[in-house]
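For reference, the structure is listed below as structure tokens.
Bear in mind that the values in this text are calculations on the coordinates, not laboratory data. Here the structure is a predicted model, which means the values were calculated and not measured. No Cβ is skipped: glycine too gets one built from the backbone with ideal geometry, and neighbour counts run over all protein chains shown.
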Amino acid sequence: MPASTWQAHFADLACYQQWAHERLFAAAAALSEADWHAPRGAFFGSLHHTLDHILLVTRLWRARLEGRPASAFSFHDTLTGSRGELRAALAAEFADMARWLATQPEARFQDTCRYVRLDGTPQAGQVAELLFHLFNHAAHHRGQASTLLTQLGAAAPEMDYVYYLRER
């Protein structure tokens, strides 16, 4: 059954993120650490850095959406060093996001979020639209990670939202 409110919809999408990441990490379980970290020609190089980028950007958008200052960083930074650390950090991030979203009043999703881009430019956007962007960004980079998995000889998992709906 589809979510009946923006709050429920976005909290569900945060849970979906966790589900999709777990499937991706499970598919990558047999890869060596060398393969996991090796540059593969993707925008962020390695499988690890591609998924770490999701964590980094999710934390950036969470800070903006929650009205907290965002830490200065480069998109080429990584927040985690190991596969296990990254897996745990992504799971914790999206679980916490689902809890946070579940506490937001419905009107919050129509609010304007004002933030400053990394280059110092002031910006504003509707909270619901920015959340759509956040979740779409993660899906985009999971798609890249899926390609990297297949290049490494692993089977890419089904991570489409419809599969998540069928399982839950």
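Take Leu65 and tell me if it is on the phi < 0 side of the Ramachandran plot and within 11 Å of the chain's Cα centre (by Cα). First the steps, then the outcome.
Working: on the phi < 0 side of the Ramachandran plot: yes; within 11 Å of the chain's Cα centre (by Cα): no.
No.
Identify all residues within the stretch 26-58 that are part of a helix (DSSP H, G or I), of a type outside the set (Val, Ile, Thr), surrounded by fewer than 20 Cβ atoms within 10 Å (Cβ to Cβ) and out of contact with any Leu (no Cβ under 7 Å at 6 or more places or on another chain); write none if there are none. Of everything in the stretch 26-58, those that are part of a helix (DSSP H, G or I), of a type outside the set (Val, Ile, Thr), surrounded by fewer than 20 Cβ atoms within 10 Å (Cβ to Cβ) and out of contact with any Leu (no Cβ under 7 Å at 6 or more places or on another chain) turn out to be Ala26, Glu33, Ala34, His37.
Against the test of being in contact with an Asp or Glu (Cβ under 9 Å, 6 or more places away or on another chain), surrounded by 15 or more Cβ atoms within 10 Å (Cβ to Cβ) and assigned to a helix (DSSP H, G or I), the options Trp19, Trp61 yield a single qualifying residue, Trp19. Taking residues in the stretch 12-26 that are over 14 Å from Phe94 (Cα atoms), and partners anywhere that are of a type in the set (S, T, N, Q), the pairs with Cβ atoms closer than 8 Å and at least 6 places apart or on different chains are Leu24/Ser146.
So which residues in the stretch 74-129 are acidic (Asp, Glu), surrounded by fewer than 16 Cβ atoms within 10 Å (Cβ to Cβ) and within 18 Å of Glu22 (Cα to Cα)? So that I can check it myself, show each step before the final result.
Initial filter on the stretch 74-129 (acidic (Asp, Glu)): 77, 85, 93, 96, 106, 111, 119, 129.
With surrounded by fewer than 16 Cβ atoms within 10 Å (Cβ to Cβ) added as a condition, the list becomes 77, 85, 96, 106, 111, 119, 129.
Within the stretch 74-129, Glu85, Asp96 meet the criteria.
Scanning the stretch 76-116 for residues that are part of a loop (DSSP other than H, G, I, E, B) and in contact with a helix residue (DSSP H, G or I) (Cβ under 7 Å, 6 or more places away or on another chain) gives Asp77, Thr78, Leu79, Thr80, Gln104, Asp111.
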